[in-house]
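*Asks:* Would you mind keeping the following structure in view while I ask a few things?
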Amino acid sequence: MWLMLSPTGIVLLAAATINSGLSVFIFLRGKEKKENIFFSALLLLLALLSLVIFLASSARDELTLLYWVRFAYAATSLLPAVFLCFSLVFTEDAKKGLSEPVSWLIFSPAFLFLFLSFTPLIEKKAGFPFYLPPEYGPAMPFFSLYVMLYALIGFLVLAKKYLGSRGRERLQVWYVLFGVAATSVLMLLANIVLPQFFKTAEWAALGPASTLILAGSVSYAMIRHRLLNSEDFLWRAIVFLFFLSGAIGTFLILAEGSTNVLLTFYIVLSLVFMGIFAVLQGYKNGINFSFSLIAFAMAVWIFGVSVVWTSKDPVLVDFWGKAAFTGASFIPALMLYFSRVFPKELRAVLWAEKAAIFLPLLIFPILIWNNQVISEVIITPAGFVSRYGMAYLWFVLYILLFLVWAFFNLLKSYRTLSGLYLDQLKYLFVGFFLTAIVAVATNLILPFMGISEYSFVGPNAAIIMVAFTGYAIIRHRLLAIEVVIQKSFVYTVTSILIIALYVLGVYLSEQFLQGFFGYTSVLATAFLVFVIAAIFQPLLKITQNLADRIFVRKRLDYQRALRNVSQDILSRIKLEDVAQLIVSTFIDVVEISEISFLVFNRKSGSFESVNLHGKAGLGKYKKIELSAGNNLANFFLSSPGPLAIEALQEEVVRRGAEGNKAGAEELTRILSEIYPFEFKLWIPVIGKNGLAAIIALGEKSSHEGFSAEDLRLFSTLANQTALSLENVRLYQEVMEMRNYNQEVLDSLPSGVLTTDYEGKIVTCNPAMEKIIGKKYEELEGKKYSDIFSDKSPLYGAVASTLKDKCLYNFEAGILNPRKGIVPLLINTTLLGTPRDKTGMLLSARDMTEVRDLENKARQADKLKALGIMSAGMAHEIKNPLSSLRIMAQILPLKFDDPVFRKKMLEIIPTEVGRIDRIVENLLRFARTTEMKLSKVNIGEYLEGILKDYLKQAEENKVKIVKNYSRLPEIMLDPEQFTQVFTNLILNAIQAMPEGGTLTLTTKIGRQLENFIQGIVIEISDTGHGISEENLAHLFDPFFTTKHGGTGLGLTIVHSLVEAHQGEIKVLSKIGEGTTFRIYLPVQQ
């Protein structure tokens, strides 16, 4: 039993266990960060060093000692390099890190000394036994210098970072710096300075043991200051250490051959673990505190009895025998108090009761250590014989009385409890009761009768209590640590298997490669590293499946049910279908007695049960309503998890006991709101915008409580429900938008038709049905070419838009069976993004009424203009008529005068021609002429008109400049529009009597999604310009500044441009010239 009795061995094993546990935890918490990787490697090397020194100190021959010592040098050779790398990357930006060349440079001496560690160059001969000075090799001074130099550099780097950091980061660096400094100093002193300079190795184990200082400092920083991103370090680390301690203890006990204490070791370790977790879960809670003390007392009792049975040392047997009785004396009083407060205090424990309960704890330990309970333990070949004192009988009566009292209290609680509390109490009662029966019989009654050979059975019977308590923890949330246990079990077992594989590989390599490579196992170690890296993830997965079967055997069934529901629920797009699936799942899978599914109603502002009339399971469905601003809804927003009534009641008591009155009152208000509904569990469904729904559950039909696995299933279902409700919401919004859009589409006076990119009709509103004379049902899904004739303008509009990706805006007439030719204003546009067109939209508006109104308005405007023109014409015709009248009056008097007759023959034709031009222009303006549209290349069209004026321009010394852009063909009436350009070009030439420049420009006008909708034509001159006063009247009939002009030319130009859906503007400055700018659409 050297494992239990050697203080040095226990410290070294503790250092190995704690450092390896920290190493794995830190690595898993941030394996993508270099600071975590290097610090994890540092702790792993320290753990390995502690373990190797432990094995070396236990070596029984010089060859084995030399092997383990050289292994220790190998681990030490890597330590300084890893520490220096960590100091360089600690608290640094993850993107900076260390470059690969720098890392290789730092590790170069480490790899060199790693190789030399397995040769006589470092240590020639080990001092046997371990604490005798060894004989060093020639490379030892260089090795020592390397270790001290790297340690100093790393320490200085950390010190610099400490001085330059602030806040939490400064505290983190301080704790790491303190732990590293203390550990480094002790290790250098114990393992380098004393052995080399003072020739003493008695303190060699102190160096590895001092790593506990670093582990403690780092652990504190991880708990208090989240060092290395370790927010949940405490729970996971303790559970991890529990499993790792069990593995290492098992290995060492088996190696020692003491298999008879293996079960005892497991029981003691489990009890210590339960006690620690109960304290950490809430030491102010009477239940947790008393349970932890019971566990610790039982551990002391069992450990003491085990030592008495296995040790042959009379001093140890006497000490641990009394310790065992002391531990046993605590158990009844603590059990009695525990029975008063578990699972909840039905009645407060008064101070007088507490004094009566704990009074024996002041009396019996004193009697035990004064030999009044047990006076002597005699070691015999068959075991031991106990001699009891005067107080032994009172001790037995105390134990029996208090235990009976405790179990009586638990039975009373059992009759008043239900649900989860009942399940917890049931397993704890059975476990404690069976253990107590066996222990009292074998360790009190039989020894009192002189039969001591069965006293080892009592402590081992504690496995019953451990098993039942463990099951209550896992299955019924006792102490609420089952998730931590499961996760820690997975990583711990995986780590143990990896370590075992590594140690076995190195051991085998040393045994079989010794003849070829001496003691060098570097190649084998490197190979093992690659093997471990390859099998880690598969091994982790296998361990996870194993943990699932051990800890939560029903999980696979739950997962199967959950998968089926999860796949089905996301396909439901109606609220009633989702609610029915959720309700049936809880009723069928979990066997709930009653349920309600509440969804937030925006209109009423409350949570209301979904209506499930006529649906299966309606008999268990309960309709309730909660206001949106209730305390439960607000609680779920801050604590989004299932809420059990029993747990809520317990939390009220706990907060009240801690003096947190405000917190207790808050939970009391929640209880008062939901307690009348008689549901046992409330599950929030949290969506993107907060609390979307609440699932309220009654108790199970079996009257069992809700287990931790139940709550995990419910939480997962709630998450899936939140996604499903989001789909329902989106579906409702889409349908509402679709219905709204359909209503808008149906109410439009214009016909609307859409197609996909292949030309298949997708949408057609009633107005379009009237236009084309067909119902939507006849058109849906058919190609436009199957609906419209290829001569139809609708066919051409759709085809051109899809083919040319152009947008069209024109008027055309189509044949309607009832109305005949119907004039339409047709617009087309492409749907989708510029890069990804999905179809096109065509709108057609019946222009019959509009055109009639326009014609009437146009005629009215013309009549108005004709009235103005008539007044002007009367003035214009009056002048030539006056001349003709005068000539007619004097004609009889001067008829024979040849000069007069000649003059008269010249004047009469001129004046008559002038009257004729005025009348002709007036008729041309007033006449309604139908346009004959055709496609025209505007550049070629201008060139054709310009030819007629080249000679006149040359005579007037006018230079012609042409700036034609590449433009699509446009639709216009070439014959009518000739008057526009003729007027403008002629006016421009006449405006430059002394010469100048005439510029004709064409360019792109309006664009939509990179498609040309219109063009611009500019005719500019460098003449004398037009004043601002005259610009305002430029297009008025009979307004002219030109001698002999009629004043109708620009009026006709303006009329023709507007008739082509265009626009004309004038820009002019006196002395600089004039520009006429015409805007015309591509399509008419």
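*Asks:* Assuming 0.36 nm per residue, please report the length gained on full extension of the stretch Glu591 to Val734 beyond their Cα-Cα distance.
*Replies:* 47.9 nm
*Asks:* What length, rounded to one decimal in nm, is gained on full extension from Asn727 through to Ser165, with 0.36 nm per residue of separation minus their alpha-carbon distance? Provide the component values of the computation, followed by the final result.
*Replies:* Values: separation 562, 0.36 × 562 = 202.32 nm, distance 4.88 nm.
Fully extending the segment from Asn727 to Ser165 adds 197.4 nm.
*Asks:* Give the Rg/Rh ratio for region 750-846, taking Rg as the radius of gyration of the Cα atoms and Rh as the Kirkwood radius, to two decimals.
*Replies:* Details: Rg = 12.4 Å, Rh = 13.2 Å.
We get a ratio of 0.94 for region 750-846.
*Asks:* Stretched out fully, how many nm does the piece from Leu262 to Asp577 gain, at 0.36 nm a residue minus the Cα gap? Let's see the in-between values first.
*Replies:* Values: separation 315, 0.36 × 315 = 113.40 nm, distance 5.70 nm.
Working it through step by step, the gained length comes to 107.7 nm.
*Asks:* Which net charge results when you count Lys and Arg as +1 and Asp and Glu as -1 among the other residues whose beta-carbon is under 14 Å from that of Met887?
*Replies:* Spelling it out: positives minus negatives among the neighbours equals +2.
*Asks:* Work through the residues other than Met971 whose Cβ is under 12 Å from its Cβ and net out their charges, Lys, Arg +1 and Asp, Glu -1.
*Replies:* -1
*Asks:* Counting other C-beta atoms within 10 Å, which of Phe86, Phe319, Phe895 has the fewest, and how do the rest follow?
*Replies:* Ordered by Cβ neighbours within 10 Å, fewest first: Phe895, Phe319, Phe86.
*Asks:* Would you mind checking region 769-807 for residues with the amide N under 16 Å from a putative spin-label position 7 Å along Cα→C-beta of Thr848?
*Replies:* Once the point is set 7 Å along Cα→Cβ of Thr848, 769-774 turn out to lie under 16 Å by backbone N, inside region 769-807.
*Asks:* On a C-alpha basis, how far is the centre of region 276-336 from the centre of region 621-675 in Å? Whole number, if you could?
*Replies:* 38
*Asks:* In the neighborhood of Leu723, defined by Cβ-to-Cβ distances under 14 Å, what is the net charge if each Lys or Arg adds +1 and each Asp or Glu adds -1?
*Replies:* Around Leu723, the surrounding residues sum to +1.
*Asks:* Given the pairs Lys947/Lys1003; Lys837/Lys1065; Lys661/Lys700; Lys412/Lys680; Lys354/Lys426; Lys791/Lys1065, which are separated by over 28 angstrom at their Cα positions?
*Replies:* Distance filter (> 28 Å) returns Lys837/Lys1065; Lys661/Lys700; Lys791/Lys1065.
Each value in this text was obtained by applying a stated rule to the coordinates, not by laboratory testing. Quick caveat: nothing in here was measured; it's all calculated off a predicted structure. All Cβ positions, even for glycine, are placed from backbone atoms using ideal geometry, and neighbour counts span all protein chains on display.
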